[in-house]
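Notes follow once the structure below has been shown.
The values are calculated or read from the model by the stated rules, or taken from the named source; none is laboratory data. What you see is a predicted model; the values in this text were computed from it and never measured. Note that we place each Cβ from the backbone using ideal geometry, even for glycine, and neighbour counts take in every protein chain shown.
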Amino acid sequence: MLEAGKKLGFESPRPIQRIFKEQGWEARPSGFQRKSKDYEEMHRLYFEDRYSLKEIARKYDMHRHTIGKIFKEQGWITRRTAAIERSRSISTKGRRKIPSKRVIDTFEVYRLYYGEGLTMMEVAKRFGFKSSKPIQRIFRKQGWITRKTAAIGKSDSISKQTAKRMNKSQSQRSRLIPKQAVVKRNKSKSKTSSKILQRSIDPAEVYQLYFVDGLSMMDISKKLGFKSSHYISSLFKRMRWKPFWGRSYRKNVDVDDVYRLYYIEELTKEGVARKLGIPESRIRIVFKDMGWKSRIRSFDSEEERVLAKKEGANKTSQRIKFLREVKFGTKCRLCGEIRMLAIHKKDGVKHNRHLLWKMKFLHSVDPDGWAALCVPCHRGVHWMMDSLMYGWQELESLALRKQQSITNTQEPLELPSDDTPSSSKYLKLRRKFEGDSAELRDAFFGDACNFCGATSNERKIPIHRKDGRLHSERLTKSEKHFRILNPDEWVSLCSKHHRHVHWTMATLNLKWDDLKSANNEENLLEK
């Protein structure tokens, strides 16, 4: 379809797809011509020569997913699927299903026990355990000392079992010592070629420096005597601590001030940021890092709440409107008038109209691929692109030519008086015709749309003057008035095409013959 569209001068296959949809045609299967010999060759390559699906797809110039669909249609089981089914059958043969391990955040355990002062059993219940054994296991693994052991100290009252655990925890703490770093020295200054540095890292100290004092990993490394933050980041991985993102606010924002201004003095986040002289985004980062919930605004009545909601929505819409005007301008690209603008995609691809009222999209959109149009021009452009296959550049050049040219506006047609003589064609038809005024009107001008072929039974069929002059609707409805008209100067159009034809003649200065020839070409393409 894409090649057919390019041959006819379209950049997208959508016009061809639209023709297929209207005619009810089915597209050919893309890519692979399905023959029995090709299936046999694929089967041999995969199961005998041990080719992969990707290699077979490359051989036949197809996508790997298409080869997968062919395998599914033929009922062939791939090697990967067979291996998975084999492993499932082995695992379910009289074996107990192994429960999945529950992930425990070590940082959260440390905070609950040492920060909030909870017991091990209370910490275990927070994580959904019925026993405190998983928490005790973490304490032994990390080498942490409980509050009871710290209160007893290293006196003789410590039991043998407690002493064993403490010795075991001290041996496990050695895992936190970084790898030996070799520092080379100049041979002339010292006979020793290397010096081994071993420094132990205390997780509690790192926790205090990072999460409480607000230092960065690099600052902590320098404070502990390391040149790189590698050892601190590896400690974070072992402890399963999650580093903060956007940590630059810590250097110039006091969290206590933010809490006081927001929750005690009841300022808004915007007011807190204004008072501290920092962007509002940093205040939001503080709230996210600290896990604070935003204060719910209370209202004295339902009317006050509704008004506050409307005020917030109006502020948001004004910001979006301002951004749209900055990106796309305030004038229509075709008629040049300042109206309520709609944004049109130049390639004619349909899009969700609500997308253009989203702040995130407006910040990322490229304005060169879009054009600001007023509502009538937007409808007319879509009609010209979809029905007559015009491109955006062609429409823009026609509008520019119309603005540069000086055209004499014709005066609108007036209703005739009773003394105005009837036309010869009307008199000739009237002598032979038997019927009411509506049937005579259909016989005089035609009862079907010249664009889509809709009849008066399906849609409303107004009469349009071919030169585009304005006229009253009564002129073509009452026999008293249309008796003086020449039917060769008028054409029947449905209400939909009548509106667009008037716009095209007024804005782009196109003639009726141009529109009719473009419509005939489009009908030939459909056939």
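Scanning the range 381-405 for residues that are in contact with a helix residue (DSSP H, G or I) (Cβ under 8 Å, 6 or more places away or on another chain), in a helix (DSSP H, G or I) and more than 10 Å from Leu508 (Cα to Cα) returns Val381, Trp383, Met384, Met385, Asp386, Ser387, Trp392.
Per the conditions (1) in a helix (DSSP H, G or I); (2) within 17 Å of Lys511 (Cα to Cα), the sole criterion not satisfied by Leu356 is (2).
Every residue in the range 126-152 that is of a type in the set (S, T, N, Q) and modelled with pLDDT of 85 or more, please. Ser131, Ser132, Gln136 - these are the residues of the range 126-152 that are of a type in the set (S, T, N, Q) and modelled with pLDDT of 85 or more. Inspection of the range 36-49 finds no residue satisfying the criterion of being modelled with pLDDT under 80, farther than 22 Å from Ile77 by Cα and of a type in the set (Lys, Arg). Listed by first and then second residue, the pairs linking a residue in the range 328-351 that is of a type in the set (Ser, Thr, Tyr) to a residue that is assigned to a loop (DSSP other than H, G, I, E, B), with Cβ atoms under 6 Å apart and 6 or more places separating them unless they lie on different chains, are Thr330/Ile338.
Looking at the range 202-216, which of its residues are in a helix (DSSP H, G or I), more than 14 Å from Asp289 (Cα to Cα) and either assigned by TED's automatic domain parsing to the domain that holds Arg111 or not hydrophobic (A, V, I, L, M, F, W, C) (or both)? If the condition is that a residue be in a helix (DSSP H, G or I), more than 14 Å from Asp289 (Cα to Cα) and either assigned by TED's automatic domain parsing to the domain that holds Arg111 or not hydrophobic (A, V, I, L, M, F, W, C) (or both), then Pro203, Glu205, Tyr207, Gln208 are the ones that fit.
Give Val123, Val103 a once-over and let me know the one that is at pLDDT 85 or above and either among the β-branched types (Val, Ile, Thr) or farther than 17 Å from Trp241 by Cβ (or both). Steps first, answer last, please.
Numbers: Val103 fails: at pLDDT 85 or above.
Checking each option against the conditions leaves just Val123.
The set of residues in the range 336-367 that are more than 21 Å from Ser12 (Cβ to Cβ) and either β-branched (Val, Ile, Thr) or modelled with pLDDT of 85 or more (or both) contains only Ile338.
Considering only the range 451-464, how many residues are surrounded by 18 or more Cβ atoms within 10 Å (Cβ to Cβ) and not β-branched (Val, Ile, Thr)? Break it down stepwise before answering.
Step one: list which residues in the range 451-464 are surrounded by 18 or more Cβ atoms within 10 Å (Cβ to Cβ), which gives 451, 454, 461, 463-464.
Filter once more, keeping what is not β-branched (Val, Ile, Thr): 451, 454, 464.
Within the range 451-464, residues that are surrounded by 18 or more Cβ atoms within 10 Å (Cβ to Cβ) and not β-branched (Val, Ile, Thr) number 3.
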